[in-house]
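A.B. asks: What follows is a structure written as structure tokens; I'll ask about it next.
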Amino acid sequence: MAPHASRRISRVAARLLAASPAIAAAHFRVESDPYDPIRNPNGYINLGTAENRLVGDLLAPRLADCSHVTPADTQYAPLHGARALREAVAAFLSRGRRPVAPEDLIIVSGATGALDVIASTLCDPGETIIVPAPYYAAFDVDLAGRSGARLIHARPTDRGGGRFALAPAEVEQALARARAEGITVRAVALTSPHNPVGCVHPPEVLRDLLQVAADHQVDVISDEIYAHSVFGPGEYVPLAEVKDSPLPVERIHTVWGFAKDFGLAGFKVGVLHTVDPEVRAAARELAYFAPVSTHTQAVLTRLLSDDRWVTEFLAESARRLGGSYRAATAILDDYAIPYTPAQAGFSIFTDLGRLMPERSFAAESFLWAALLETLHVSVLPGGLFGCPEPGWFRICHTTAPELVGEALNRIGRHVATVATGSTAVAGRRSS
Ligand SMILES: Cc1ncc(COP(=O)(O)O)c(C=O)c1O
């Protein structure tokens, strides 16, 4: 019998099965049994998922105005995005910045889809993408799952720029090592602003990264899905707009989407911006497999059409994000739980190492399970994000303040218990 006859599924399918994203699994598990102080006090509190649940009241009336269905909304639209939505998104992305052309946008199902499209466009199976760590955990699947690319982690730095800051020198070393080993590197991929750390990369650091990419002749994929979710003083600069970039703009591919800045995660609409004609043409073809419903595109076109609403919505959203970040970090401060200061995004990268009997990834995984099973709180371990140091967890704070308070107080009380010498949640099984 031929060796492949016993294999029922393809290599790609097997790879996807093996790499099923832990983020999604944790989300659906806890969302099926949500905590409610009266109706379900034993349910789970989800601080693992990066959804902005603070802006629903702002969105609801606007969506009601935008959601009617016209006959055109029931028909096929161009599969890489309806012209009207690409124009509206281009105008949105151009606000106060260099103009973005609608022709350079590819609209697909989620930023997830956009990452898959650009990785599959740039990489053949076995080729490599360098990711500065910690990195967005789903890059493992989004960039590598279907394309067959491999990810190589570049370590962060804590020299200046803050803990886990983007370190172009480390990216350079990872590139040089890969090259020395004969590995073909096609791109560097980063999140900007950073998920999970929440920092805004200074323009000079981004410029250094572009220099490294130019020196090694690789492309850069910049996931800027949190572009308008900045609440700190740092100024977010799109990678494609860094001044005096040594890397031609054709080699910079930017991903954005409606999930974060507009709190519309469930709409699953992502955008790829690429000006290289060949990459763009290939990406358009791949978009065929992940188009967005014509009606959803129409709703978003109408949503963006009111410039004043958009400006006010984004300003209010940033205000609420900042408020919720400050409330959550105040609780962490009360329990003396360390974290890296954030300026953007929905999460706080928090050091729960004190709850572990030792700093190891095994202990971190055990603590993750213990927090879920014992405290009924879902947060995500840094190991999923390629964090080089065990003990760090991503805690999302952008849900109802009572839930955030309840969950952080549960964690804080445990930290306090450990500090007074009682058993850590992570130590229970072995005791
Ligand atoms: C950095 C980053 N990129 C992409 C995504 C996925 O976005 P979408 O839901 O539009 O696929 C997320 C969602 O958490 C994210 O944080």
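Where a number appears in this text, it was derived from the coordinates with a stated rule and is not lab data. Treat the numbers as computed from the prediction; the structure is a model and nothing was measured. Glycine gets a Cβ as well: all are built from the backbone with ideal geometry, and neighbour counts include every protein chain shown.
A.B. asks: In terms of the Cα gyration tensor, with a ≥ b ≥ c the square roots of its eigenvalues, is segment 115-171 rounded because a/c is under 1.5, prolate because a/b exceeds b/c, or oblate?
C.D. replies: Numbers: a/c = 3.19, a/b = 2.38, b/c = 1.34.
In terms of gyration-tensor shape, prolate.
A.B. asks: Moving to a separate point now. For the chain, what does the relative contact order come out to in percent, with C-alpha contacts under 8 Å and a separation of six or more?
C.D. replies: 21
A.B. asks: Roughly how many Å is it from the Cα centre of segment 372-391 to that of segment 1-73, as a whole number?
C.D. replies: Value for the Cα centre distance between the two parts: 19 Å.
A.B. asks: Let me ask something additional. Determine, from the Cβ-Cβ distance of Q217 and A400 and an R0 of 51 Å, the FRET efficiency 1/(1 + (r/R0)^6), rounded to the nearest 0.05.
C.D. replies: On the way: r = 48 Å, r/R0 = 0.95.
Once rounded, the FRET efficiency stands at 0.60.
A.B. asks: Compute a Gaussian network model of the chain, connecting alpha carbons closer than 10 Å, and tell me which residue from A64, A213, A416 fluctuates the most.
C.D. replies: Of A64, A213, A416, the Gaussian network model singles out A64 as fluctuating most.
A.B. asks: Next up: Just subtract the alpha-carbon distance of S32 and E235 from 0.36 nm times their residue separation and send over the number in nm, one decimal.
C.D. replies: Values: separation 203, 0.36 × 203 = 73.08 nm, distance 3.81 nm.
Contour length minus the Cα-Cα distance gives 69.3 nm.
A.B. asks: Same structure again: In nanometres, what is the gap between the two model label sites at D124 and E250, each 7 Å from Cα along Cα-to-Cβ?
C.D. replies: That separation, rounded to one decimal, is 2.1 nm.
A.B. asks: Starting from the 7 Å offset along Cα-to-Cβ, what nm value, one decimal, do you get for the label separation of A72 and R11?
C.D. replies: 4.6
A.B. asks: Which of the helices in the chain, when you take each full DSSP H run, stretch at least 24 Å along the axis at their Cα atoms and have an average Kyte-Doolittle score of -1.0 or higher?
C.D. replies: Details: long enough: 307-334 (41 Å, -0.34); 401-419 (26 Å, 0.23).
Passing helices, by number: 307-334, 401-419.
A.B. asks: Looking only at G148, G382, G96, which one moves most when the chain is put into a Gaussian network model with springs between Cα atoms under 10 Å?
C.D. replies: Fluctuation is largest for G96.
A.B. asks: On to the next question. Let me check I've understood the local charge: for Y226, count other residues with C-beta under 12 angstrom from its C-beta, Lys and Arg +1, Asp and Glu -1. What total comes out? Walk me through the intermediate numbers first.
C.D. replies: On the way: positive: K260; negative: D223, E224, D261.
Net charge around Y226: -2.
A.B. asks: In nm, what is the difference between 0.36 nm times the number of residues separating E278 and A24 and their Cα-Cα distance? If you can, show how the numbers build up before the last one.
C.D. replies: Numbers: separation 254, 0.36 × 254 = 91.44 nm, distance 3.28 nm.
Fully extending the segment from E278 to A24 adds 88.2 nm.
A.B. asks: Run the paramagnetic zone check for R39: 7 angstrom along Cα to Cβ, then residues of segment 401-419 with backbone nitrogen under 16 Å.
C.D. replies: Answer for segment 401-419: 403.
A.B. asks: Which distance in nm do the two modelled labels at E373 and A180 give, with both placed 7 Å along the Cα-to-Cβ direction?
C.D. replies: Inter-label distance under the simple model: 4.3 nm.
A.B. asks: Take the chain, connect every pair of alpha-carbon atoms lying under 10 Å apart with a spring to form a Gaussian network, then pick out the residue of T301, T420, T157 with the largest mean-square fluctuation.
C.D. replies: T420
A.B. asks: Could you tell me whether segment 145-298 comes out rounded, prolate or oblate from its Cα gyration tensor? Rule is a ≥ b ≥ c as square roots of the eigenvalues, rounded for a/c under 1.5, then prolate if a/b exceeds b/c, otherwise oblate.
C.D. replies: Numbers: a/c = 1.82, a/b = 1.24, b/c = 1.47.
Cα axes put segment 145-298 in the oblate bin.
A.B. asks: Express in whole angstrom the spacing between the alpha-carbon centres of segment 114-131 and segment 160-208.
C.D. replies: The distance from the Cα centre of segment 114-131 to that of segment 160-208 comes to 16 Å.
A.B. asks: May I pose another question? Tell me the Kirkwood hydrodynamic radius of the chain in angstroms, computed as one over the mean inverse distance between distinct C-alpha pairs. Could the numbers behind the result be given before it?
C.D. replies: Numbers: mean 1/r = 0.0444 Å⁻¹.
Across the chain, the inverse of the average 1/r is 22.5 Å.
A.B. asks: Classify segment 227-306 as rounded, prolate or oblate, taking a ≥ b ≥ c as the square roots of the eigenvalues of its Cα gyration tensor: rounded when a/c is under 1.5, otherwise prolate if a/b is larger than b/c and oblate if not. The partial results should precede the final answer.
C.D. replies: On the way: a/c = 2.54, a/b = 1.13, b/c = 2.24.
Since a/c reaches 1.5 but b/c is at least a/b, the shape of segment 227-306 is classed as oblate.
A.B. asks: Now, a different point. Determine the relative contact order of segment 73-113: mean sequence separation of Cα pairs under 8 Å and six or more apart, normalised by residue count, in whole percent.
C.D. replies: Value for segment 73-113: 40 percent.
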